[in-house]
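To start, the structure itself, in structure tokens.
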Amino acid sequence: MEEPASARGVQAIVRALSVLRAFSPERSTLSVSEIAPIVGVSVPTAHRIATTLQNQGYLSRDPATKAFSLGPELLRLATLISETRPQTVDLRVLTAIRAATRTCSCTRAQSTCAASGCAKTAACASS
């Protein structure tokens with residue numbers, strides 16, 4: 001019995017997202033033959049998915065090596081998220097990091113640091 005078209009469409013989306021998730025800092029470029037076993041599809045299927053993602057800007061392809069990498073459309077989406085969603089930062093966490101690393105966040109343009117009472121000490125002024 002054949003799957004309904006809607007189920008095949010959902011499977012295609014899941015597979016495409018799996019291809020994108022195959023990339024990591026350790027695997028920033030992948031060939032189709034590397035993508036296929038990671039995603040669990042045949043090489044021809046991995047090629048069709050990767051080519052479609054490339055055509056839409058989600059993957060880029062090096063013409064010399066034929067390897068794929070993440071494309072500019074993902075950067076556009078990431079930028080959109082960072083611009084449209086307010087980020088909440090727990091000041092206690094930042095304060096603990098500053099204390100643990102003995103650094104502060106002041107800039108040369110500030111006369112004092114936003115960190116509690118930093119008066120632009122020599123260590124602070126070099127940041």
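Computed quantities for the displayed model
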item: Length gained when the stretch Leu94-Leu75 is fully extended (0.36 nm per residue, less Cα-Cα span); result: 4.2 nm
item: Candidates per trypsin sites (Lys or Arg not before Pro) in the range 8-49, loop by DSSP, up to 14 other Cβ within 10 Å; result: Arg27
item: Full-extension gain in nm, Asp62 to Glu34, via 0.36 nm per residue minus C-alpha separation; result: 8.6 nm
item: Estimated FRET transfer efficiency (Arg85, Leu17; beta-carbon r; R0 30 Å; 0.05); result: 0.90
item: Relative exposure of Arg98, Arg92, judged by other C-beta atoms within 10 Å (fewest first); result: Arg92, Arg98
item: Estimated FRET transfer efficiency (Thr101, Ser42; beta-carbon r; R0 41 Å; 0.05); result: 0.25
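Readers should treat all values here as calculations from the given coordinates under stated rules, not as data from a laboratory. Worth saying up front: this structure is predicted, and the values here are computed from it rather than measured. Here Cβ is always computed from backbone atoms with ideal geometry, including for glycine, and neighbour counts include all displayed protein chains.
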